[in-house]
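S.K.: First, the structure itself, so that you have it in front of you.
The values are calculated or read from the model by the stated rules, or taken from the named source; none is laboratory data. On a predicted model such as this, the values are computed, not experimentally measured, just so you know. We place every Cβ from the backbone using ideal geometry, glycine too, and count neighbours over all the protein chains shown.
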Amino acid sequence: MLERLYRRRMPVDEVISAEAAKTLAQFTHEIRRPIGLVITRRGAVQDVLVGAGTEPSPTTLATFRASPRSLRGLRLIRSHLKEQILTQEDLTLLGLLRLDMIGVLAVTPKGEPGLLSLAHLNPPSAQGQLYTLLKPTLVHQCPVSFETFIRELEADLQRQGESHMMSQKQTAILVSASPKSKADQEEHLTELAELASSADLTVIDRLVQRTQGGGRQRFQLGSGKLKDVLMQAMQKGADLLIFDQDLAPAQLRTIEEITDLTVIDRTQLILDIFAQRAHSREGKVQVELAQLRYLLPRLSGHGTSLSRLGGGIGSRGPGETKLETDRRRIRERIDHLDREIEGFARHQDQRRSRRIRQTFPVLSIVGYTNAGKSTLLNVLTNSQVSTAPRVFETLDTTSRRLRFPDGREVILTDTVGFIRDLPKDLLAAFRTTLDELRDADLLLHVVDAGAKDMEAHIASVNTVLQSLGLDQVPQVLIFNKCDRLPTGQAEALCRRHSAIGISALHPETLPQLIQHLEDRLTALTPVDGFSQKSADQAHTLASRP
């Protein structure tokens, strides 16, 4: 019976022919179960589906690929024993699989074709209407000339894609799936939106799901929520899905296969921002090293069946696969970059030794990204370091001389900003740059006083400093952007945290900070013109080979 359905071929201008509809209704009436026909644009029956809720085979879906700007080239016509319009499940399937069209053919009690209900996807629009439902009609009265219809629909999708590409900016939907409260997740998505904006992306939607434990094993979020995400992406023409949580390699591949969208996680987004901002050779090497360490476990292939072949019976073969060749080359590149970073470290040691011989104390500015560290460096040292109001604007360490009113000179350094859950690979790759902080006699911890989660920012910076073994270095807490707070609130905040309040954009707020830094440096016991820390550093550097 199924072979008779497979042999059916529809004229290319018909959604389903009257003869095929009659046969489909007859078989449905006989077996008393729904039957679905998956039909190609050439009119051939690709799959015959028996039972409600069945979908095209994985082989068929792999053969007929789709993208956010094109359809799959398949339509699904499903029979039903009752007069029934398209359900929400049918419409969801239409969107998820990006079918050319989906339809339900009602079967009368006599086993004859009844009304045919059809729906098709729409090009992305400001109204966000994903699909159009056509008025149910009898098969022989169907007003749709399928060949003309699909040609025009694909042309509309193509025009939308070209218009989207001319806009230059890619669009993204932010997703969070975590056991944390919805309020916490929303705060984290606000920061993720800042990261996306810093990467020159346009955020068009945010979706949150509270999960049990550490997230769903297969998709990070529930399969139903994943369908909602994909439907939103199609409605609004999104290019990327960005997860606030780090995705396992298997999760990343599975979600990409299901959605046919580019999927990245928070770590990958941060790495991309660093790749855009790195200007010095040292910065570029460190970013590339972090990217390769992130990429290595995420290279996908065909599993262990294509691993390196041995020399025994049944296992002889051509040797390395393309996947293993890629992995070997990445490991070789990682080793090369590690050696290059070691060279940077030796060069830094030489700079440190010269700096120590000149007896200059070192003050290092640290803090959460976009807290105003570079702006403070500029105003204190009359410099012109870039200070665009976006996260991770500064990646390369900058050092300038600062002369105090009493004539004493110090070295003031500005370093890369920190962020919550800073990717481990990135922290490891930038360890050479962050080693500059080990020279500091005093850390100037700059905090954005107006940040909603200011306390979390302070804790995140202190966590990173602790992981670097720098939590014992003397620290001055500086609340920046106090001009954005009511006067009384800023003063109370500074008293509670034993901090100094300033606005780096208003130099008249800086004298108290400068006087405090002078007092702290005076309190550092000199040893023949050195601070005690500088003396220890000189001894350490002198003992190195």
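S.K.: I'd like to check something: does region 88-105 contain any residue that is over 25 Å from K225 (Cα atoms), modelled with pLDDT of 80 or more and not assigned by TED's automatic domain parsing to the domain that holds K236? Give the derivation first.
M.R.: Step one: of region 88-105, the residues over 25 Å from K225 (Cα atoms) are 104-105.
After this cut, where a residue has to be modelled with pLDDT of 80 or more as well, the list is 104-105.
Among the residues that remain, those that are also not assigned by TED's automatic domain parsing to the domain that holds K236 are: 104-105.
Looking for residues that are over 25 Å from K225 (Cα atoms), modelled with pLDDT of 80 or more and not assigned by TED's automatic domain parsing to the domain that holds K236, one finds at least one in region 88-105, hence yes.
S.K.: Which residue out of I255, I264 is part of a strand (DSSP E or B), touching a strand residue (DSSP E or B) at 6+ places or on another chain (Cβ under 9 Å), surrounded by 17 or more Cβ atoms within 10 Å (Cβ to Cβ) and modelled with pLDDT of 80 or more? Show your work before the answer.
M.R.: Details: I255 fails: part of a strand (DSSP E or B).
Matching residue, one of I255, I264: I264.
S.K.: Quick check on Q291: is it touching a helix residue (DSSP H, G or I) at 6+ places or on another chain (Cβ under 8 Å), in a helix (DSSP H, G or I), at pLDDT below 85 and farther than 30 Å from L96 by Cα? Quick ask: steps written out before the conclusion?
M.R.: Details: touching a helix residue (DSSP H, G or I) at 6+ places or on another chain (Cβ under 8 Å): yes; in a helix (DSSP H, G or I): yes; at pLDDT below 85: no; farther than 30 Å from L96 by Cα: yes.
The answer is no for Q291.
S.K.: Just a yes or no: is a residue in region 245-263 of a type in the set (S, T, N, Q), over 17 Å from the mean Cα position of the chain (by Cα) and farther than 26 Å from D184 by Cα?
M.R.: Of all residues in region 245-263, those of a type in the set (S, T, N, Q) come to 245, 251, 254, 259, 262.
Next cut, over 17 Å from the mean Cα position of the chain (by Cα) only: none.
Checking region 245-263: not a single residue is of a type in the set (S, T, N, Q), over 17 Å from the mean Cα position of the chain (by Cα) and farther than 26 Å from D184 by Cα.
S.K.: Name the residues in region 274-284 that are within 17 Å of L192 (Cβ to Cβ) and surrounded by fewer than 22 Cβ atoms within 10 Å (Cβ to Cβ), would you?
M.R.: Step one: of region 274-284, the residues within 17 Å of L192 (Cβ to Cβ) are 274, 276.
Within region 274-284, just Q276 meets the criteria.
S.K.: Given D396, D421, D435, which one is of a type outside the set (V, I, T) and modelled with pLDDT of 75 or more? So that I can check it myself, show each step before the final result.
M.R.: Details: D396 fails: modelled with pLDDT of 75 or more; D435 fails: modelled with pLDDT of 75 or more.
None of the others qualify; the one that does is D421.
S.K.: When region 121-137 is examined, which residues are found to be exposed (fewer than 13 other Cβ atoms within 10 Å of the Cβ) and at pLDDT 90 or above?
M.R.: L133, K135
S.K.: Tally the residues that are buried (at least 21 other Cβ atoms within 10 Å of the Cβ) and not in a loop (DSSP other than H, G, I, E, B), restricting the search to region 47-79.
M.R.: 6
S.K.: To continue, here is another question. Quick one: is A52 more than 24 Å from L133 (Cβ to Cβ) and of a type in the set (G, A, S)? Walk me through how you get there before you give the answer.
M.R.: Working: more than 24 Å from L133 (Cβ to Cβ): no; of a type in the set (G, A, S): yes.
So A52 does not fit the description; no.
S.K.: Tally time: how many residues in region 474-501 are in contact (Cβ under 8 Å) with a residue 60 or more places away in the chain and farther than 11 Å from G367 by Cα?
M.R.: Taking region 474-501 and keeping what is in contact (Cβ under 8 Å) with a residue 60 or more places away in the chain, we get 478, 480-481.
Retained after the next criterion (residues that are farther than 11 Å from G367 by Cα): 481.
Final tally of qualifying residues: 1.
S.K.: Also, I was wondering about something else. Tell me, which helices (runs of 4 or more DSSP H) wholly within region 427-517 include 1 or more residues that are over 29 Å from R408 (Cα atoms) and among the hydroxyl-bearing types (S, T, Y)? Show your work before the answer.
M.R.: On the way: elements: 431-434, 454-467, 487-497.
Fully inside region 427-517 and qualifying: 454-467, 487-497.
S.K.: Also, quick follow-up: What is the residue count in region 396-425 for residues that are outside any loop (DSSP other than H, G, I, E, B) and touching a residue at least 12 places away in the same chain (Cβ under 8 Å)? Give the derivation first.
M.R.: Just the residues of region 396-425 that are outside any loop (DSSP other than H, G, I, E, B), to begin with: 398-403, 409-414, 418, 424-425.
Retained after the next criterion (residues that are touching a residue at least 12 places away in the same chain (Cβ under 8 Å)): 398-402, 409-414, 418, 425.
Adding up the residues that qualify gives 13.
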